[in-house]
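> Supplied in structure tokens, the structure appears directly below.
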Amino acid sequence: MLNLGVGRVMNQDSYNIFEKDKSLYEFLKSCEGKNYDELSELCVKYYNKDNTGYFGQIITPINLFGLITLDNNKILVENKLLKKISNKIYNVNDYMNYFLCNWQFPIPTTKAGYGRSRKISKPYLLLIKLLDNLYKIDPIQAYLSENEFIEFFMDDSREPLSDTLINDDLCYKIIDNRKLNIKSINLDSINGDQVHNSLTYIKSLLKESYLLDFNKENFDSSRDFYVGLKYSENNKYIIRYMINKYMNTFFEIDVNDAFNNKETINEYGLFINNESKFNSFESDIQLINNITNFKNFCSEQGYYYEEDLIRRFVMSLETKRFLLITGISGTGKTKIAELWVKYLNCEKDRSIRISVGSNWNDNKKLLGFKNILFSDDNYEKTNLVNLLERANLDNQEYIVILDEMNLSYVERYFADFLSALESFDNVIDLPDGTTVKWSDNVKVIGTVNVDETTYMFSPKVLDRANVIEMNGVKPSEYIYSVINSKEIYRSIKDNSWFEDYKEMLDALYEATNRGFAYRTVDEMTKYISKNMTLFAESDNEWKKYMDEQIFQKVLPKLHGNRSEMEPILNKIMECIYDNAEYPLTSEKISIMKQNSMKGYISFIGD
């Protein structure tokens with residue numbers, strides 16, 4: 001039976017490796033500057049043991065985690081990543097999960113006859129892939145028993161489990177065997193105590209995982225339950241990421257290489273404990289967490305955005321410094337940017353919101369100007385320039401919100417930024433002759449309203465940005481998503497007219513070709529709810545106030561040529577099938593259609 005490089009004598013967890021008194025890392029740190037061949041003697045002395053056999057217990061986890069780093073003369077030196085883990089500069093739990101992704105078997109110190117010649121596999125990644133596939137078939141079956149774990153991961157008599165072998169057929173076979181109480185491994189026929197010891201120490205390592213669940217009550221499990229999957233939307237993405245990035249990345253082993261080859265041990269340690277690779281892992285996990293956490297944060301604040309939109313928003317900012325958000329008024333374009341600022345907790349010195357004016361013909365509002373009325377060198381610096389200068393000295397994220405960017409020609413007032421974005425050094429020239437850098441940590445989010453009062457962007461602008469369109473969802477879907485977080489919906493959700501009201505909103509939304517968004521829905525709901533509380537004599541009077549809101553909030557936005565607008569007006573009339581209950585709307589639509597003989601329809605004017 002294979003022990004997967006973990007051994008049978010010590011828990012290989014963060015406590016033993018980094019946190020306890022006389023941890024494995026502290027032992028190696030005490031050996032810095034010593035020759036590798038002295039390790040056994042140093043171990044006995046450090047841990048105050050009487051026999052050199054104790055070193056065999058210590059060296060197994062040291063080798064597994066690649067904790068040994070040597071210089072060219074085989075002298076022990078301190079690994080930079082491990083030092084920062086020990087000093088709590090990096091999160092130890094993140095490191096343990098990073099290691100699990102890199103955990104492979106065999107490793108360079110695996111002895112011949114103990115699995116050294118086997119094809120390299122990734123036990124942890126194969127485990128989570130298998131559990132994930134089981135979850136997709138039946139969530140309560142997303143676990144392995146001890147017997148199943150031994151069969152798939154420790155039985156050296158069978159073909160090693162591989163990425164390609166994990167499929168629906170295998171998972172259905174596992175589930176069917178459970179129903180029939182079929183066990184592939186007879187523990188009585190092997191050294192059961194030894195195997196159970198291995199299971200114990202492997203589990204101590206697996207318990208460091210973000211993704212695994214060791215509570216058998218959460219599964220339809222047998223009495224020898226071993227490990228299950230802790231599933232969530234966030235974990236779903238983490239599983240995909242870990243498998244996609246790490247499944248086929250491993251340290252190659254030459255089976256003919258001499259056992260305990262010091263060069264290979266050192267290379268393996270540097271392969272595992274690579275600060276750049278760990279930083280990439282930590283950054284990627286944080287990115288995944290940000291998507292889920294930001295969506296939840298928005299919901300807690302009473303704002304609903306679809307998960308895909310949140311992902312696109314976060315990833316757009318991650319991969320490019322300039323993001324444009326376009327769409328009809330009221331979809332939450334500016335709000336999602338403000339919520340991001342609040343989520344990052346950078347509301348004070350690390351963010352700025354600038355409303356673009358319709359008369360911006362140069363860069364003075366963004367970069368300032370030299371005030372010649374006072375002196376030649378009097379430079380009137382803007383808050384934006386101050387923010388850019390602070391960001392140049394910092395690694396944290398800074399946010400600039402440019403609201404309604406297309407009220408003026410972007411190429412006129414934002415040209416310096418567009419040029420800097422594509423230049424080698426990202427430098428912007430300031431009016432006083434100095435420069436400031438648009439650094440990677442400064443994210444510019446521009447909101448764009450699309451109507452006849454604004455200017456369209458040129459290809460030059462669009463080519464330098466990610467562009468997201470936000471046009472909302474059906475009102476009923478939006479209300480459902482915020483019904484418990486927004487008081488205006490909590491207070492009316494049990495009223496008899498509420499369902500009919502939502503149906504009318506959906507009908508209007510489709511009739512107007514999705515011509516209104518969240519803000520309009522919230523404002524209409526607040527208006528109707530307040531009137532129902534103060535003035536209504538019966539529940540059916542909601543239609544009266546709905547009529548007023550269609551007249552006041554929906555119809556004023558409708559204007560355009562006759563061929564485009566007349567079908568929309570006809571559809572609205574179909575929504576208010578009983579004209580007597582919607583007198584304001586029906587009369588106004590009749591007037592608008594009469595005036596359409598001129599070829600143009602508008603709410604205001606003849």
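> List the number of the failed condition for Gly302; all other conditions in (1) assigned to a loop (DSSP other than H, G, I, E, B); (2) open to solvent by 30 Å² or more (accessible area, probe 1.4 Å); (3) of a type outside the set (Ser, Thr, Tyr); (4) closer than 19 Å to Tyr518 by Cα hold.
(2)
> Going residue by residue through the stretch 60-72, is there one that turns out to be at pLDDT 85 or above, open to solvent by 50 Å² or more (accessible area, probe 1.4 Å), touching a strand residue (DSSP E or B) at 6+ places or on another chain (Cβ under 8 Å) and among the hydrophobic types (A, V, I, L, M, F, W, C)?
no
> Please specify each residue of the stretch 520-550 satisfying the condition of being open to solvent by 60 Å² or more (accessible area, probe 1.4 Å) and either within 19 Å of Gly330 (Cα to Cα) or in contact (Cβ under 8 Å) with a residue 12 or more places away in the chain (or both).
Glu523, Lys526, Tyr527, Asp539, Asn540, Lys544
> Hey, another quick one. Among the residues of the stretch 143-163, how many are hydroxyl-bearing (Ser, Thr, Tyr) and over 19 Å from Val227 (Cβ atoms)?
The number of residues fulfilling the criteria is 2.
> Tell me which of these Asn266 doesn't satisfy, since it passes every other one: (1) within 19 Å of Ala465 (Cβ to Cβ); (2) touching a strand residue (DSSP E or B) at 6+ places or on another chain (Cβ under 6 Å).
Asn266 satisfies all of (1) within 19 Å of Ala465 (Cβ to Cβ); (2) touching a strand residue (DSSP E or B) at 6+ places or on another chain (Cβ under 6 Å) except (1).
> Tell me whether the stretch 308-316 contains one or more residues that are without any contact (Cβ under 8 Å) to a residue 60 or more places away in the chain, open to solvent by 40 Å² or more (accessible area, probe 1.4 Å) and closer than 25 Å to Lys437 by Cα.
Taking every residue of the stretch 308-316 in turn, at least one turns out to be without any contact (Cβ under 8 Å) to a residue 60 or more places away in the chain, open to solvent by 40 Å² or more (accessible area, probe 1.4 Å) and closer than 25 Å to Lys437 by Cα.
> Please find, among Lys203, Lys183, Lys173, Lys136, the residue that is open to solvent by 30 Å² or more (accessible area, probe 1.4 Å), part of a loop (DSSP other than H, G, I, E, B) and not β-branched (Val, Ile, Thr).
Lys183
> I'd like to check something: does the stretch 107-118 contain any residue that is touching a residue at least 24 places away in the same chain (Cβ under 8 Å) and in contact with a Lys or Arg (Cβ under 8 Å, 6 or more places away or on another chain)?
As a first pass, look at the stretch 107-118 and keep what is touching a residue at least 24 places away in the same chain (Cβ under 8 Å): 107-112, 114-118.
Restricting the remaining residues to those that are in contact with a Lys or Arg (Cβ under 8 Å, 6 or more places away or on another chain) gives 110.
Yes: the stretch 107-118 contains one or more residues that are touching a residue at least 24 places away in the same chain (Cβ under 8 Å) and in contact with a Lys or Arg (Cβ under 8 Å, 6 or more places away or on another chain).
> Across the stretch 498-519, what is the number of residues that are surrounded by fewer than 21 Cβ atoms within 10 Å (Cβ to Cβ), touching a Gly at 6+ places or on another chain (Cβ under 8 Å) and not in a helix (DSSP H, G or I)?
Going through the stretch 498-519 one residue at a time, the tally reaches 1.
> Could you grab the pairs with beta carbons closer than 8 Å, sequence gap of 6+ or different chains, first residue in the stretch 206-235 and open to solvent by 60 Å² or more (accessible area, probe 1.4 Å), second one of a type in the set (Ser, Thr, Tyr)?
That search, which allows pairs on different chains as well, returns Lys216/Tyr143; Lys230/Tyr210; Tyr231/Tyr135; Glu233/Thr292.
> A further question on this structure: Keeping to the stretch 285-299, report how many residues are aliphatic (A, V, I, L, M) and surrounded by fewer than 18 Cβ atoms within 10 Å (Cβ to Cβ). Show your work before the answer.
In the first step, residues of the stretch 285-299 are kept if they are aliphatic (A, V, I, L, M); the result is 285, 287-288, 291.
Filter again for surrounded by fewer than 18 Cβ atoms within 10 Å (Cβ to Cβ), leaving 287.
Total meeting the criteria: 1.
> Please go through the stretch 41-59 and pick out each residue that is open to solvent by 30 Å² or more (accessible area, probe 1.4 Å) and either at pLDDT 90 or above or out of contact with any helix residue (DSSP H, G or I) (no Cβ under 7 Å at 6 or more places or on another chain) (or both).
If the condition is that a residue be open to solvent by 30 Å² or more (accessible area, probe 1.4 Å) and either at pLDDT 90 or above or out of contact with any helix residue (DSSP H, G or I) (no Cβ under 7 Å at 6 or more places or on another chain) (or both), then Glu41, Leu42, Lys45, Tyr46, Tyr47, Asn48, Lys49, Asp50, Asn51, Gly53, Gly56, Gln57 are the ones that fit.
> In addition: Tell me, which strands (runs of 3 or more DSSP E) lie completely within the stretch 401-497 with 3 or more residues that are buried (at least 20 other Cβ atoms within 10 Å of the Cβ)?
Passing ranges, in order: 442-449.
> Please go through (1) within 30 Å of Phe457 (Cα to Cα); (2) assigned to a helix (DSSP H, G or I) for Glu282 and return the number of the only condition it doesn't satisfy.
The failed condition is (1).
> Residues Tyr95, Tyr124: which one is at pLDDT 95 or above, farther than 26 Å from Asp257 by Cβ and open to solvent by less than 30 Å² (accessible area, probe 1.4 Å)?
Result: Tyr95 is the single residue among Tyr95, Tyr124 that is at pLDDT 95 or above, farther than 26 Å from Asp257 by Cβ and open to solvent by less than 30 Å² (accessible area, probe 1.4 Å).
> How many residues, within the stretch 330-389, are in a strand (DSSP E or B), of a type in the set (D, E, K, R) and crowded, with 18+ Cβ neighbours inside 10 Å? If you could, list the steps in order and put the result at the bottom.
Of the stretch 330-389, the ones in a strand (DSSP E or B) are 351-355, 369-370, 379-380.
Subset that is of a type in the set (D, E, K, R): 353, 370, 380.
With crowded, with 18+ Cβ neighbours inside 10 Å added as a condition, the list becomes none.
Number of matching residues: 0.
> Which number in (1) open to solvent by 50 Å² or more (accessible area, probe 1.4 Å); (2) assigned to a helix (DSSP H, G or I); (3) touching a helix residue (DSSP H, G or I) at 6+ places or on another chain (Cβ under 8 Å) marks the one condition that Arg158 misses?
(2)
> Now a separate question. Of everything in the stretch 551-577 that's outside any helix (DSSP H, G or I) and open to solvent by 60 Å² or more (accessible area, probe 1.4 Å), which residue is modelled with the lowest pLDDT?
So the residue we want is Tyr577.
The values are calculated or read from the model by the stated rules, or taken from the named source; none is laboratory data. Just so we're clear, the structure is a prediction, and the values are computed from it rather than from any experiment. In this analysis, Cβ positions are derived from the backbone assuming ideal geometry, glycine residues included, and neighbour counts consider all displayed protein chains. The accessibility values were calculated without ligands, DNA or RNA, using every heavy atom of the protein model including side chains. Shrake-Rupley method; radii C 1.70, N 1.55, O 1.52, S 1.80 Å.
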